[in-house]
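Enquirer: Below is one structure. I have some questions about it.
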Amino acid sequence: MIRTVLIPVLIVIFFLFGAVTIMATAPVLEPKTTTPIPISVRVQSVNPKTIQLKVHSQGTVMPSIQSQLIPEVSGKVVWTSDRLVSGGYVTEGQTLAKVDDLDYRNARDRAKAALERASAELQHAKFEYGRQESLVERNLTSQSALENSLRVYRVSQAAYDDARVNHEQAEENVRRTILKAPFTGLVRSENVDIGQFVSRGQPIATLYATDMVEVRLPIADRQLAFLNLPSARTGTLDPQEQPDVLLTAEYAGRALSWRGKIVRTEAEIDSASRMVQLVARIDNQAAASPLSVGLFVNAEIAGLAAENIVILPRSALRNDNQVLVVDGEDKLRFKDVNLLRLYQDQVLIDAGINTGDRVCVSVLQTAIEGMTVNAINDEQAGA
């Protein structure tokens, strides 16, 4: 009985001893430590430059001079030029229309006859006054007779002056029956036909000059700080104050460009858009391809020269006014910077980073101060 119980107990003790021995002599497994792999980022080396700032805008070409053709006398239109049509090219002084001048020539002839009559009466009154003066000196007539002749002479002089003015006006009215182009240019519109009666002061056509054209360019008021314009000045700019402007457009399947000047600024600021209108003028006579009225153009206005400017892609900007700089140990460091301007897809910085700094330009979802990175050199950051 004792033997039957003792054998299983000994077996259990044997197995327990073996298990303890195995556990005591088994090798200890230490946990593995992993070193994080640094992420790769693109960096640009800072190299400040002096650059010329530019301001961009858009606008539609307009004529610099536009005028209505207005008759100064009333009458029936008896002739019009074949150039007096929309798009017609006219030269300065060219006859464009004629008003029936019969009544005006008759009025001129009557005025001429009246002038000749007044001239004869004036000559007679002058002679009579001189004769009366001579008689008074010799006591052969009375003083009242002299005064009466003086009165007649003065009345005759006034009548002559009135007749002369009427004759000049009649001559001018005859000349005004011929309507001429005030300048060289194109006809924008016309609304007159032969046989039509036109009234004095009634516009019959609109003309515009083609030698010079203008473009109104809206500029945000804050952008004015980048242009070399006189402060507190509006209106026409002196030649030495006029910034250069480059206009570009696609026309007839070709990319074209024109150079001009900003010649004036308009006084008012739009209360809703905060825009100021600058006016560019282009000399079409000097252009290889004349700038057509109505064409929509892009404008690049030359601005101030700025020194020690660093240009970076917008991806380099963090938190509106910070950049990430990779230090000598390839660790990320945040730096506060001063933004001069956000320009298209670039950011212009004028303070906060130094020559040789490596600025991270990669887009990072998470950036931690002191994080180790693998810096890959990109192009230098400059102008």
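Okay, residues lined up against (1) in contact (Cβ under 8 Å) with a residue 12 or more places away in the chain; (2) part of a strand (DSSP E or B); (3) touching a Pro at 6+ places or on another chain (Cβ under 7 Å):
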position	(1), (2), (3)
V276	yes, yes, no
A288	no, no, no
N298	yes, yes, no
L312	yes, yes, no
L324	yes, yes, no
L339	yes, yes, no
T355	yes, no, yes
I368	yes, no, no
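Enquirer: List pairs: first residue in region 170-193 and among the charged types (D, E, K, R), second residue surrounded by fewer than 16 Cβ atoms within 10 Å (Cβ to Cβ) and outside any helix (DSSP H, G or I) anywhere in the structure, Cβ distance under 6 angstrom, at least six positions apart or on different chains.
Expert: R176/E72; K180/G93; K180/T95
Enquirer: Something else about it: So which residues in region 248-268 are within 27 Å of D238 (Cα to Cα), touching a residue at least 12 places away in the same chain (Cβ under 8 Å) and surrounded by 12 or more Cβ atoms within 10 Å (Cβ to Cβ)?
Expert: T248, W258, R259, G260, K261, I262, V263, R264, T265, E266 - these are the residues of region 248-268 that are within 27 Å of D238 (Cα to Cα), touching a residue at least 12 places away in the same chain (Cβ under 8 Å) and surrounded by 12 or more Cβ atoms within 10 Å (Cβ to Cβ).
Enquirer: Oh, and also: Counting only residues that are over 15 Å from Q196 (Cβ atoms) and in contact with a Pro (Cβ under 7 Å, 6 or more places away or on another chain), how many does region 60-91 have?
Expert: Counting residues in region 60-91 that are over 15 Å from Q196 (Cβ atoms) and in contact with a Pro (Cβ under 7 Å, 6 or more places away or on another chain) gives 2.
Enquirer: Being more than 38 Å from the chain's Cα centre (by Cα), in a loop (DSSP other than H, G, I, E, B), of a type in the set (A, V, I, L, M) and more than 30 Å from P290 (Cα to Cα) narrows it down to one of L135, L140, L150, L146, so name that one.
Expert: That would be L140, the only listed residue that is more than 38 Å from the chain's Cα centre (by Cα), in a loop (DSSP other than H, G, I, E, B), of a type in the set (A, V, I, L, M) and more than 30 Å from P290 (Cα to Cα).
Enquirer: Please go through (1) crowded, with 17+ Cβ neighbours inside 10 Å; (2) over 30 Å from V326 (Cβ atoms) for V85 and return the number of the only condition it doesn't satisfy.
Expert: (1)
Enquirer: So which residues in region 197-220 are under 30 Å from K261 (Cα atoms) and not aliphatic (A, V, I, L, M)?
Expert: Residues satisfying the conditions are T206, Y208, T210, D211, E214, R216, P218.
Enquirer: Pick out the one residue from L332, L348 that is at pLDDT 90 or above and more than 39 Å from the chain's Cα centre (by Cα).
Expert: Result of the check over L332, L348: L332.
Enquirer: Counting just the residues of region 349-368 that are surrounded by 19 or more Cβ atoms within 10 Å (Cβ to Cβ) and not acidic (D, E), which one comes out farthest from V41 (Cα to Cα)?
Expert: Applying the filter and picking the extreme gives I349.
Enquirer: Quick test for you: out of V99, V155, pick the one residue that is surrounded by 14 or more Cβ atoms within 10 Å (Cβ to Cβ) and either of a type in the set (A, V, I, L, M, F, W, C) or within 43 Å of the chain's Cα centre (by Cα) (or both).
Expert: Criteria check complete, one pass: V99.
Enquirer: Say whether the condition of being touching a Pro at 6+ places or on another chain (Cβ under 8 Å), closer than 30 Å to V297 by Cβ and part of a strand (DSSP E or B) is met by at least one residue in region 46-57.
Expert: yes
Enquirer: Looking only at region 205-217, decide whether some residue is surrounded by 12 or more Cβ atoms within 10 Å (Cβ to Cβ) and within 18 Å of K54 (Cβ to Cβ).
Expert: yes
A quick yes/no check of all residues on (1) surrounded by 13 or more Cβ atoms within 10 Å (Cβ to Cβ); (2) closer than 17 Å to P38 by Cβ; (3) among the polar types (S, T, N, Q):
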position	(1), (2), (3)
P313	yes, no, no
R318	yes, no, no
Q322	yes, no, yes
V325	yes, yes, no
E329	no, yes, no
K335	yes, no, no
R341	yes, no, no
G370	no, yes, no
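Enquirer: Would you be able to say whether some residue in region 342-363 is in contact with a Leu (Cβ under 7 Å, 6 or more places away or on another chain) and of a type in the set (K, R)?
Expert: No, every residue in region 342-363 fails to be in contact with a Leu (Cβ under 7 Å, 6 or more places away or on another chain) and of a type in the set (K, R).
Enquirer: Moving to a separate point now. Working carefully through the options L229, L246, L179, find the one that is under 30 Å from S74 (Cβ atoms) and either among the small types (G, A, S) or not in a helix (DSSP H, G or I) (or both).
Expert: L179
The values are calculated or read from the model by the stated rules, or taken from the named source; none is laboratory data. Bear in mind the structure is a predicted one, so any value in this text is a computation, not a measurement. Backbone-built Cβ (ideal geometry, glycine too); neighbour counts: all protein chains shown.
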